[in-house]
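Some notes on the structure that comes next.
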C-alpha cells in the first residue's frame, strides 16, 4: 500500500477526536503527559498522538463556566 492509499484509507475509516482539558497551569505538563500515555496505550485505535498546552480563549470558556462547581474552581486556584 503506497502513501496515498494509506491516506485515503485513513480518511475513509477513521475519525479525529479532540478533547479540551482544563488543569492548573503548574500541573499542565504532567497532566498532558498522563493523558498522552493513556491515549498511546489504546493500541486498538490511536496511531499518532500530538499535543500542546496553551491558555484557553475566553470564548471557549463561556459554556464551561456554568458547569464548573465552586469546589472545582477552588481546586484550580
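Values quoted throughout were computed directly from the atomic coordinates according to the rules given, and no laboratory measurement underlies them. Keep in mind that this is a model prediction, so the values were computed, not measured. Note: ideal-geometry Cβ built from the backbone for every residue, glycine included; neighbour counts use all protein chains shown.
Do the sum for the chain: with -39,500 (n - 2.57) for every DSSP H run of n ≥ 4, divided by all residues, what is the mean residue ellipticity at 222 nm, to the nearest 500 deg cm²/dmol? Before the final figure, lay out each step's value.
Numbers: 4 runs with 39 residues, N = 77.
About -14500 deg cm²/dmol.
Using only Cα atoms, tell me the angle between helix 3-13 and the longest principal axis of the chain; keep it within 0 to 90° and round to the nearest 10.
60 degrees
Pick the calculated mean projected area of the Cα convex hull in nm² for this structure from [x] 7.3; [y] 6.7; [z] 6.1?
Given [x] 7.3; [y] 6.7; [z] 6.1, the calculated one carries the label [x].
Quick check on the exposure proxy: order 45, 52 from fewest to most C-beta atoms within 10 angstrom. Walk me through the intermediate numbers first.
On the way: 45 9, 52 5.
Lowest to highest Cβ neighbour count: 52, 45.
Sort 14-24, 30-40 by packing, meaning the average of other beta carbons within 10 Å per residue, with the highest value first. If you can, show how the numbers build up before the last one.
Numbers: 14-24: 8.6, 30-40: 12.6.
The peptides rank, most packed first, as 30-40, 14-24.
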